[in-house]
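Taking it in order: structure first as structure tokens, then the write-up.
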Amino acid sequence: MTILFISEDGDPQRWLNAVTEHLEHLEHLEGFDAANDFRIWPDDGGNPAAVDIALVRLPRPGVLAGYPNLKAVLNLGAGVDDLLADPAFPRHVPLGRMVDDSLSGGMAEYIVHGVLHFYRAFPAYARGQKEKRWQPLAAVPDPGRWPVGILGLGVMGRAAIRALGPFGFPLLGWSRTAKDIEGVEVFAGFENLGHFLSRSRILICLLPLTPETRNILDRDAFGHLPEGAYVINAARGGHLVEEDLIAALDDGHLEGALLDVFRSEPLAAESPLWNHAKVIATPHVASISPSRNFAAEIANDITRVRAGGPPRHLVNMKSGY
Ligand code: NDP
Ligand code: OXD
């Protein structure tokens, strides 16, 4: 039985280090011998039939289909859209994803930073500083007049909600299924999306990327947002129609955007988003992976899978998240 690490992430070594630095977690696994039972793709010496678990971070499309006896694929990240976009992905194999407190804690910090940045008018003060203009705003704004709408009420959305709770913003949430979350007005389904958007002064996207949610942040959605609204996208670049965002910022309907993810990453040098006066761009770092608990989480899942169970955070192949 062999664990295979496969990554074509921009920096696969970073991921490999995170796995191998903590091999002692794996060595606690019964019968696990790191020297023989852990392999790194591409590995032409090994027998593909011996591989029972694949640890993956952006594997090359088609690669996983070459391992006929997989008991699980464990994704070293939260989002699985890249994996499921591969037509050759072995859909009969249980797919687990990363969920842990340091990933969601990082996201919560990022979202709180973004919301406070816009609410406390930091973009205006940054412009003032450039122009050496001493111009305080008249008063601290009233958080009650800054409703924050969160698209996606899963692990990340709920972490953001918990972190935003103490600031007093009215909180709105949107998800596929109806739910009851204390202190949050929840809207469910596309039939209620327009109403949800029309109430959100700051819109935050924390949805998984699926065929239903692709391009959800488009001209139509921006049209529903109130005049002067802000957009934060920390989910996936495929949610956002970048030209529509730029148009809504340029015509003054939207006031600003904080973007962590892009349709193509790294963001191309010629992208107008780099220099747009109303855009803040960060390089996919809302949650910094690998997280602190990374290796322990993997070891936990490997133990479960080898005992015949599913990974702890199993992806639903039908819904795609
Ligand atoms: P979850 O699976 O825990 O939550 C997904 C949420 O989205 C659920 O509330 C779900 O609704 C909702 N949803 C899914 N499809 C729809 C739909 N069609 N209509 C309405 N709501 C929908 O995911 P996470 O919170 O863990 O992660 C979300 C995404 O965040 C990841 O997929 C990843 O792309 C991104 N991410 C980005 C990071 C970064 O560093 N920038 C780091 C980590 C994650 P319901 O509750 O009804 O099922
Ligand atoms: C992600 C992650 O899904 O880094 O973006 O975990």
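Residues in segment 226-248, backbone N under 18 Å from the label point at PHE167 (7 Å along the Cα-to-beta-carbon vector): list them, ranges by number please.
226, 228-235
From the residues LEU254, THR210, ILE181, which one has its Cα farthest along the dipole of segment 163-272 in the positive direction, the dipole being from +1 and -1 charges on Cβ of Lys/Arg and Asp/Glu about the Cα centre?
Farthest along the dipole direction, towards plus: ILE181.
With springs connecting C-alpha atoms under 10 Å apart, model the chain as a Gaussian network and identify which of SER264, SER289, SER104 has the largest mean-square fluctuation.
Looking only at SER264, SER289, SER104, the largest GNM fluctuation is found for SER264.
Return the tail of the calculated pair distribution for segment 199-293, meaning the percent of Cα-Cα pairs more than 18 Å apart. Mind dumping the intermediate values first?
Working: 1880 of 4465 pairs.
For segment 199-293, the fraction of Cα-Cα distances above 18 Å is 42 percent.
Where the only charges are on Cβ atoms (+1 Lys, Arg; -1 Asp, Glu), what is the dipole of the chain about its Cα centre, to the nearest 20 debye?
Values: 29 positive and 39 negative charges, 152 e Å.
So the magnitude is around 720 debye.
With the crude spin-label approximation of a point 7 Å out along Cα→Cβ, what separation in nm comes out for ALA281 versus ALA247?
Placing both labels 7 Å along Cα→Cβ, they lie 2.0 nm apart.
If we sort 206-214, 273-281 on the protection proxy, mean other Cβ atoms within 10 Å, highest first, what's the order? Spell out each step's value before the answer.
Details: 206-214: 19.6, 273-281: 15.2.
For the peptides 206-214, 273-281, the packing ranking is 206-214, 273-281.
In whole Å, how far is the Cα centre of segment 93-136 from that of segment 248-263?
14 Å
I need to check one value: relative contact order of segment 188-299, counting alpha carbon pairs closer than 8 Å and at least 6 residues apart, in percent. Write out the running numbers ahead of the final one.
On the way: 156 pairs, mean separation 24.7, N = 112.
Here the relative contact order equals 22 percent.
GNM on the chain, C-alpha springs below 10 Å: top fluctuator among GLY128, GLY46, GLY149?
Maximum among the listed residues: GLY128.
When ligands, DNA and RNA are left out and all protein chains stay put, how many square angstrom of accessible area per residue does the chain have with a 1.4 Å probe? Kindly include the intermediate steps, with their values, before the conclusion.
Numbers: 15790 Å² over 321 residues.
The answer is 49 Å² per residue.
Expressed as a rounded percentage, what relative contact order does segment 256-295 have, with Cα pairs under 8 Å and six or more residues apart? Working shown, then result.
Values: 28 pairs, mean separation 19.8, N = 40.
The normalised contact order for segment 256-295 reaches 49 percent.
First check a/c for segment 1-141, with a ≥ b ≥ c the square roots of the eigenvalues of its C-alpha gyration tensor; if it is under 1.5, answer rounded, and if not, answer prolate when a/b is larger than b/c or oblate otherwise.
Working: a/c = 3.23, a/b = 2.69, b/c = 1.20.
Prolate, because a/c is 1.5 or more and a/b exceeds b/c.
With every protein chain left in place, what is the accessible area of LYS71 in Å² (1.4 Å probe, nearest 10)?
90 Å²
Efficiency by 1/(1 + (r/R0)^6): what FRET value for ALA88 and GLU182, r their Cβ-Cβ distance, R0 = 51 Å, to the nearest 0.05?
Values: r = 43 Å, r/R0 = 0.85.
Working from the Cβ atoms, E equals 0.70.
Pairs of Cα atoms under 8 Å, at least six residues apart: use those to get the relative contact order of the chain, whole percent.
Numbers: 543 pairs, mean separation 56.4, N = 321.
About 18 percent, as a whole number.
Multiplying the sequence separation of ARG292 and VAL99 by 0.36 nm and subtracting their Cα-Cα distance, what value in nm do you get? Can you show the working numbers first?
Working: separation 193, 0.36 × 193 = 69.48 nm, distance 1.18 nm.
Gain in length upon complete extension: 68.3 nm.
Over the Cα atoms of the chain, each weighted equally, I'd like the Debye log10 I(q)/I(0) at q = 0.09, 0.13, 0.14, 0.16 Å⁻¹, rounded to two decimals.
For the chain at q = 0.09, 0.13, 0.14, 0.16 Å⁻¹, log10 I(q)/I(0) is -0.52, -0.97, -1.08, -1.30.
Under the Karplus relation 6.51 cos²θ - 1.76 cosθ + 1.60, θ = phi - 60°, what is the ordered set of whole-Hz ³J(HN,Hα) values for segment 307-321, x standing for Gly and Pro?
Couplings: 8, x, x, x, x, 4, 10, 7, 7, 8, 5, 6, 7, x, 7 Hz.
Would you mind telling me the share, in percent, of accessible area of the chain contributed by carbon and sulfur at probe 1.4 angstrom? Walk me through the numbers before you get to the answer.
Values: 8340 of 15790 Å².
Solvent-exposed carbon and sulfur of the chain make up 53 percent of the total.
The values are calculated or read from the model by the stated rules, or taken from the named source; none is laboratory data. Just so we're clear, the structure is a prediction, and the values are computed from it rather than from any experiment. Reconstructed Cβ throughout: ideal geometry from the backbone, glycine too, with neighbour counts over all protein chains shown. When the accessible area is computed, the model is the full protein with side chains, heavy atoms only, and any ligands, DNA or RNA have been set aside. Shrake-Rupley method; radii C 1.70, N 1.55, O 1.52, S 1.80 Å.
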